[in-house]
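Colleague: Shown below is the structure under consideration.
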Amino acid sequence: MKKIYFPFFALFLFLSVSLAQNQQLLFDGVDDFCNVPNAETLFSNLDVFTVEVWINGTDFSNAPIFIGSNSDNILFGIGFDLVAFGTNFIGGGFLVLTVAGALPADGLWHHVACVRAGPGVGQGKIYIDGVDQTDPTQNTPGSITTLSGNLTLGVGLGSFFINGAMDDLRIWNVERSQAEINNNMNVELAGNEAGLIGYWRFNEGSGQDILDSQTNGTQHNGTLGADNNTASDDPTRIQDPNLPLPVELVSFNASVSNNIVELSWITATEINNLGFEVERKSENGVFDKIGFVEGNGTTTEYSNYSFIDVLNKAGTYHYRLKQIDYDGSSEYSGSILVEIELIPILFKLEQNYPNPFNPSTTISYSLPEPGMTKLEVYNSLGQKVQEIVNEFLESGNHQTFFNAENLASGLYIYRIEVVSASKTYRSSKVMSLVK
């Protein structure tokens with residue numbers, strides 16, 4: 001029997017499940033914001049953290065805040081063309097800044113990552129589009145703070161509102177490296193990544209709720225505006241095709257027909273997708289490239305792909321995809337597992353092994369069809385000395401262990417008879433017992 005396993009990974013280069021994916025929130029710069037109750041606790045007494053978000057705007061002159069708080073003890077903001085973050089930095093407290101001009105208000109999407117490695121000098125980092133833009137003269141994250149209030153997205157200090165769009169907000173309780181930030185900024189996460197404690201994708205499609213998609217702890221769901229009622233303070237849900245999108249893998253499946261494995265996968269969107277390397281490994285092996293399927297470059301349309309692999313050996317195999325961009329960067333999908341049991345083409349009785357033997361040996365035989373099977377052993381006089389098999393067997397490759405401990409040395413004949421729906425197959429071979 002052939003078995004196919006589909007472990008639960010909403011597969012990512014990374015998961016997309018509906019046309020509501022890839023939404024963003026557009027803030028009017030007047031009164032729009034989001035409220036996430038009790039989410040300040042994510043940063044409470046947290047000495048190390050990382051915050052990532054996508055930002056797009058054409059006017060940052062009002063010193064808008066893209067993440068604020070009720071207590072104003074922790075803020076992540078934009079002032080003209082730079083980014084700042086810190087704990088308790090209002091009124092001359094500690095903070096980390098980028099160099100001037102790091103975040104242009106050019107109407108394009110930019111990825112912002114603020115990293116705190118500790119409270120001391122030089123322990124902050126701000127990456128814009130994956131590039132370190134930290135001002136070395138303004139880099140002191142400051143002491144940790146006990147927090148308990150709401151987190152507000154798009155506003156700070158009650159009156160500084162962002163004028164632009166926001167997407168894919170992530171909060172981590174670990175220090176993310178520059179390489180990790182670069183490798184994953186265009187990838188939609190599974191939600192269970194180590195250290196992820198807050199993850200808002202804004203992809204709900206409609207309604208007032210914004211959902212925390214991480215599964216590592218307490219989920220902090222919020223609302224557009226102050227509450228669940230539609231009001232003027234609600235950001236607008238949009239879909240901007242100019243946002244750098246990951247290659248979103250809707251599904252990745254395998255089907256098996258005897259020794260032929262057909263892989264199929266569907267993507268919802270692609271950006272600069274050169275294509276997919278298909279990799280395979282056996283149960284105890286390593287992944288090797290077995291083929292390449294060309295991608296569709298940049299598209300927001302669903303794309304269907306397939307690849308056929310012909311195997312010549314039964315066993316357990318794992319498959320995965322390596323998606324490659326035009327610039328050489330790559331991401332791996334999760335793997336799927338396939339078990340192959342090759343169905344023979346012909347009835348066949350194999351020579352026993354080992355031969356000669358003492359006192360045991362193995363007899364192998366192949367059945368292309370299921371049938372009533374007898375396997376018997378005779379001595380050189382034609383007398384039956386043992387019946388090894390007498391049962392209905394399914395098609396496939398079979399092995400039977402034969403122990404001749406109670407028999408004398410000499411030549412023996414083993415004979416098979418299979419009665420299937422289409423024919424009766426008989427065959428015999430000689431084996432030598434040497435004691």
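Colleague: Let me check the size of region 107-152 from its C-alpha atoms; what are the radius of gyration and Dmax in Å?
Modeller: In order Rg, Dmax, the Cα atoms of region 107-152 give 13.0, 36 Å.
Colleague: How large is ³J(HN,Hα), in whole Hz, for each residue of region 163-178 in order, when computed from phi with the Karplus curve 6.51 cos²θ - 1.76 cosθ + 1.60 and θ = phi - 60°, using x for Gly and Pro?
Modeller: 10, x, 10, 9, 7, 6, 8, 10, 10, 10, 9, 10, 7, 7, 6, 4
Colleague: By average Cβ neighbour count within 10 Å, what is the ranking of 77-85, 382-390 from highest down?
Modeller: The packing order, highest mean first, is 77-85, 382-390.
Colleague: Also: Taking θ as phi - 60°, what are the ³J(HN,Hα) couplings along region 359-371 by the Karplus curve (6.51, -1.76, 1.60), each to the nearest whole Hz, with x for Gly and Pro?
Modeller: x, 10, 7, 10, 10, 10, 7, 10, 10, x, 9, x, x
Colleague: In the neighborhood of VAL293, defined by Cβ-to-Cβ distances under 14 Å, what is the net charge if each Lys or Arg adds +1 and each Asp or Glu adds -1?
Modeller: Result for the local shell: -2.
Colleague: Turning to a different aspect of this structure: Could you list which residues have their amide H under 5 Å from that of ALA314, counting only those 5 or more apart in sequence or on another chain, with H placed in the peptide plane?
Modeller: LEU342
Colleague: Which far-off residues, 5 or more places away or on another chain, put their amide H under 5 Å from the one on SER409, with H placed in the peptide plane?
Modeller: LYS435
Colleague: If eta is 1.567 mPa s and T is 4 °C, what Stokes-Einstein diffusion coefficient results for region 348-433, Kirkwood Rh from Cα pairs, in µm²/s?
Modeller: It comes out at roughly 99 µm²/s.
Colleague: What ³J(HN,Hα) values, in whole Hz, does the Karplus curve 6.51 cos²θ - 1.76 cosθ + 1.60 give for region 66-71 when θ = phi - 60°, with x put for Gly and Pro?
Modeller: 9, 9, x, 7, 4, 8
Colleague: Give, as a single signed number, the net charge of other residues whose beta carbon lies under 14 Å from the beta carbon of GLY120, with Lys and Arg counted +1 and Asp and Glu -1.
Modeller: Residues near GLY120 contribute 0 overall.
Colleague: Now, a different point. For region 146-190 and region 277-312, what is the centre-to-centre distance using only Cα atoms, to the nearest Å?
Modeller: Region 146-190 and region 277-312 have Cα centres spaced 34 Å from each other.
Colleague: Determine the principal axes of the Cα atoms in region 147-190, then give the extent along each, sorted from largest to smallest and rounded to whole angstroms.
Modeller: Computed over region 147-190, the largest-to-smallest principal extents equal 35, 28, 20 Å.
Colleague: Quick one: pull the percentage of alpha-carbon pairs in the chain with a separation above 27 Å.
Modeller: 63 percent
Colleague: Below 15 Å Cα-Cα, how many Lys pairs turn up in the chain? Only count pairs eight or more apart in sequence, or on different chains, if you could.
Modeller: 12
Colleague: Count the net charge of all other residues whose Cβ sits under 10 Å from the Cβ of TYR414, scoring Lys and Arg as +1 and Asp and Glu as -1.
Modeller: Residues close to TYR414 contribute a combined charge of +1.
Bear in mind that the values in this text are calculations on the coordinates, not laboratory data. Just so it is clear, the structure is predicted and the values come from calculations on it, not from any experiment. Glycine also receives a Cβ, built like all others from the backbone with ideal geometry; neighbour counts cover every protein chain displayed.
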